[in-house]
Amino acid sequence: MKPTLLAGLIFWGTMARVLSELMTWSVEHTQQGLLWLCNGMWAGAAGMVIYAGYRWFRYERGQTHKEADHEH
């Protein structure tokens with residue numbers, strides 16, 4: 001079995017479970033929960049972009065130092 005298929009099944013099974021639990025809440029609680037979920041996902045995406053920028057910056061800085069070392 002492929003790990004990605006297993007991970008997908010676990011993920012979508014969890015999503016179905018969460019949605020079924022949300023349906024038993026009142027409308028206000030469900031909307032608030034989805035709003036927090038959305039904000040959390042945006043924050044996670046922003047963190048990933050910042051981390052990728054940090055890694056790129058470190059890589060570029062490392063390349064600059066390697067080029068400078070060859071000149072001496």
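The values are calculated or read from the model by the stated rules, or taken from the named source; none is laboratory data. The model shown is predicted, which means the values in this text are computed figures rather than measured ones. Cβ: placed from backbone, ideal geometry, glycine included. Neighbour counts: every protein chain shown.
Within region 1-51, being surrounded by 10 or more Cβ atoms within 10 Å (Cβ to Cβ) and hydroxyl-bearing (Ser, Thr, Tyr) holds for Thr14, Thr30, Tyr51.
Here Thr24 meets the list (1) modelled with pLDDT of 90 or more; (2) over 23 Å from the mean Cα position of the chain (by Cα) almost entirely, failing just condition (1).
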